[in-house]
Amino acid sequence: MPTIHLTTVIHAPIERVFDLSRSITLHKKSMHHMQEEAVKGRTNGLIEYNETVTWRAKHINKMRELTVKITEMKKHSHFIDEMIQGDFKHMKHEHYFKPIDNGTVMIDVFEFGTPYGSIGRLFEKFYLTKYMKRLLETRNEAIKDYAESEKWRVVLSY
C-alpha cells in the first residue's frame, strides 16, 4: 500500500491554513488543469465533518469521479477524508496542522491502493505514486500561496 508523506511550512495562522485546506473553492482552483469540479455533495465553501464531495476530473486521459467523506475532524488540528466511491481500492488522506512561531506546519499522509492485483502494484510503484505526489504538491503550493498573501480573502469570507 503506497503512502505519501508531505510536510509544508506555511507562514500564516493555523486557522487560515486549516480552512484553506478544506475549501472546495480553492481545491477547484488548484486542480483547474485537471478540469476538476465538485459535482455532488458539498460543492462550495468549507467541507465539514461527515460531509461528502464527489469530484469529477480528467486523470490519466479519462474523466473520473471520486467521492470522499470527512470521517474525522478536530478544528485547526486535523481532518481525514476517505474514499467511499471511486477508482481506487482504498484511499485515505490525513491532514495535520501544527502551529509554529512564524506560521503553520501542514502534514499530509496519503494512503491509497489500486484494485488490479500485481499489475496494479506495479502501476502504483512506477507511475501512480509519483503522479499522486505531484497532485498533492500542486494543491499544497496553492494553499501556501493563498494563505501567505491576501488571496485567501477570495475563498474565505471571515
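I'd like the distance separating the alpha-carbon centroids of the range 68-98 and the range 116-130, in whole Å.
Using only Cα atoms to place each centre, the spacing works out to 22 Å.
What's the angle, to the nearest 10 degrees (0 to 90), between helix 129-147's Cα axis and the longest principal axis of the chain?
Relative to the chain, helix 129-147 is tipped by roughly 10 degrees.
How long are the three semi-axes of the equivalent ellipsoid for the range 1-106, computed from the Cα gyration tensor as the root of 5 times each eigenvalue, in whole Å, largest first?
24, 15, 14
Quick check on the exposure proxy: order Tyr96, Tyr116 from fewest to most C-beta atoms within 10 angstrom.
Tyr116, Tyr96
Enumerate the calculated ³J(HN,Hα) couplings along the range 9-22 in order (Karplus 6.51 cos²θ - 1.76 cosθ + 1.60, θ = phi - 60°), each rounded to whole Hz, writing x wherever the residue is Gly or Pro.
The phi angles translate into 8, 10, 8, 7, x, 4, 4, 5, 5, 4, 5, 5, 5, 10 Hz.
Give the aspartates and glutamates reachable from Lys75 as a straight Cα distance under 13 Å; neighbours fewer than 8 places away on the same chain don't count.
Partners found: Glu15, Asp19, Glu48.
Under a 5 Å amide H to amide H cut-off, with H placed in plane at 1.01 Å, what residues pair with Thr114 once short-range neighbours are removed?
Lys89
HN-Hα J couplings of the range 51-67 from phi, Karplus 6.51/-1.76/1.60, θ = phi - 60°, integer Hz, Gly and Pro as x?
Working through the residues one at a time gives 8, 10, 9, 10, 9, 10, 7, 8, 10, 6, 6, 8, 6, 10, 10, 9, 10 Hz.
Which of the pairs Lys62/Lys98; Lys58/Lys98; Lys29/Lys133; Lys69/Lys133; Lys98/Lys151 have their Cα atoms more than 26 Å apart in this structure?
Lys62/Lys98; Lys58/Lys98
No value in this document is a laboratory result; all are computed from the given coordinates. All values derive from a computational prediction rather than experimental measurement. Glycine gets a Cβ as well: all are built from the backbone with ideal geometry, and neighbour counts include every protein chain shown.
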